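Asker: Here it is: the structure, laid out below.
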Amino acid sequence: MTTTADTTAPAGADTSDILALAREQVLERGEGLTQEQVLQVLQLDDERLTELMQLAHDVRMRWCGPEVEVEGIISLKTGGCPEDCHFCSQSGLFASPVRSAWIDIPSLVEAAKQTAKTGATEFCIVAAVRGPDKRLMSQVAAGIEAIRNEVDIQIACSLGMLTQEQVDELAAMGVHRYNHNLETARSHFPNVVTTHTWEERWGTLRMVRDAGMEVCCGGILGMGETLEQRAEFAADLAALEPDEVPLNFLNPRPGTPFGDLDVLPASEALKSVAAFRLALPRTILRFAGGREITLGDLGAKQGILGGINAVIVGNYLTTLGRPAENDLDLLADLSMPIKALNDTL
Ligand code: SF4
């Protein structure tokens, strides 16, 4: 597998073959695959996985370039969420072990400093809530101001569903990007969450986009969705045109309703990453949680050579990720530069 873009379509490409068609449509013309085409990719035999990952990598290199965006995340408020997302150990409705806790502003600033030291350009402040209340909004405002005074980094937030007033407040605070995941296909969402709707999430995303913030929206694969629904989800995301898509794989957490689901097989996870890249040729596609359990130690390398172009450094929200140095060493080994702050403004 090479790390350079292959920009030549094979002469007389067989367009009855989905990868030949994708080479022409996505790699050459930059047009993402449709829902039906994504499904064909997801249904490919495992023996075509290497070829698929190479194509996804070529598409990423051609339409995004070699830079990899590095982001750190910090949980301002953990656990005790009133919602019932069946995968989430931060829901207060399940017998999962994550207790409700807040971190203070000095700890937030310290985490931003440590994140910036890794070369990361984004620092995302996350809270386990349905949506922010006044207390959370004022904590976020104070945190952002304190970080701004000491650290040169772009700030993202993930605070659940927003009102228009809250969207405007966050935009005025200078929040660069807002994360709100659709989590899964619209048709599968009621099997995953019952306390709010997919459409409510979509509404927040539209307001965020209209206020001029970048939209970060992804989800979790391996929550019992069919391949058809996984393709539907890719098409849903493509319609939203998010700036960033974080892809998680379900890491079944004890005590949650999805605690007994099987982990996605590695080949299926990699096929899915590549298929999402072919649906979203220009987006920042980020490996978020669950890759260690699905893909093991080699997961980062396989992902970054199979369509991924952004990583989260350090700890995830409730489970340990890999230490930042491992990922940063890997990028150096692959000669992939970390995206610089001034390139992202
Ligand atoms: S995913 Fe978010 S909204 Fe859902 S239970 Fe977890 S913290 Fe709450």
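The values are calculated or read from the model by the stated rules, or taken from the named source; none is laboratory data. As the structure is a computational prediction, the values presented were derived from the model and not from experiment. Every residue, glycine as well, gets a Cβ built from its backbone with ideal geometry; the counts of neighbours run over all protein chains shown. Surface accessibility is based on the protein's heavy atoms, side chains included, excluding ligands, DNA and RNA. Shrake-Rupley method; radii C 1.70, N 1.55, O 1.52, S 1.80 Å.
Asker: Cut-off 10 angstrom, C-alpha nodes, Gaussian network model of the chain. Which of D329, D84, D168 fluctuates the most?
Answerer: D329
Asker: Provide the gained length on full extension for the span M173 to R206, in nm with one decimal, where the gain is 0.36 nm per separating residue minus the Cα-Cα distance. Numbers along the way, then the final one.
Answerer: Values: separation 33, 0.36 × 33 = 11.88 nm, distance 1.86 nm.
Result for the pair: 10.0 nm of gain on full extension.
Asker: While we're on this one: Taking the 0 to 90 degree range and rounding to the nearest ten, how far is the long axis of helix 227-240 tilted relative to the main principal axis of the chain, both from C-alpha atoms?
Answerer: That helix lies at roughly 70 degrees to the long axis.
Asker: Can I ask one more? Calculated from DSSP H runs of 4 or more alone, at -39500 (n - 2.57) each and per residue, what is the 222 nm mean residue ellipticity of the chain, nearest 500? Walk me through the numbers before you get to the answer.
Answerer: Values: 13 runs with 133 residues, N = 345.
Counting only the DSSP helices, I get -11500 deg cm²/dmol.
Asker: Subtracting the Cα-Cα distance from 0.36 nm times the residue separation, let me have the gained length for T50 to T226 in nm, one decimal.
Answerer: This chain segment gains 61.1 nm when fully extended.
Asker: When only alpha-carbon atoms count, how far does the stretch 47-108 stretch along each of its three principal axes, as whole angstroms with the largest first?
Answerer: 45, 34, 16
Asker: Let me ask you something else. With +1 on each Lys and Arg Cβ and -1 on each Asp and Glu Cβ, how big is the dipole of the stretch 63-333 about its Cα centre, in debye rounded to the nearest 20?
Answerer: I would put it at about 240 debye.
Asker: Express the accessible area of the stretch 63-333 per residue in Å², computed with a 1.4 Å probe while the remaining protein chains stay in the model.
Answerer: Each residue of the stretch 63-333 exposes 37 Å² on average to a 1.4 Å probe.
Asker: Let me ask something else about it. How far apart, in nm, are the 7 Å Cα→Cβ label points at E145 and S100?
Answerer: With each label placed 7 Å out from Cα toward Cβ, I get 2.6 nm.
Asker: Can you give me the % of accessible surface on the stretch 63-333 that is carbon or sulfur? Probe 1.4 Å, all protein chains present, nothing else counted.
Answerer: Numbers: 5070 of 9960 Å².
Carbon and sulfur: 51 percent of the exposed surface of the stretch 63-333.
Asker: Here is a follow-up. Who wins for biggest fluctuation among R277, R253, R60 in a Gaussian network model of the chain, springs between alpha carbons below 10 Å?
Answerer: R253
Asker: Starting from the exponent 0.38 and prefactor 2.2 Å, build the expected Rg for the stretch 27-80 from its residue count and divide its actual Cα Rg by it.
Answerer: Ratio of Cα Rg to 2.2 N^0.38 Å: 1.66.
Asker: Compute the whole-percent fraction of alpha carbon pairs in the stretch 97-180 spaced more than 22 Å apart.
Answerer: For the stretch 97-180, the fraction of Cα-Cα distances above 22 Å is 21 percent.
Asker: Quick one: Debye curve from the C-alpha atoms of the chain, no solvent, what's log10 I(q)/I(0) at q = 0.07, 0.08, 0.15 Å⁻¹?
Answerer: -0.27, -0.35, -1.32
Asker: Follow-up question, since we're still on this one. What percent do you get for the relative contact order of the chain when only Cα pairs under 8 Å and 6+ apart count?
Answerer: With pairs under 8 Å counted, the relative contact order is 24 percent.
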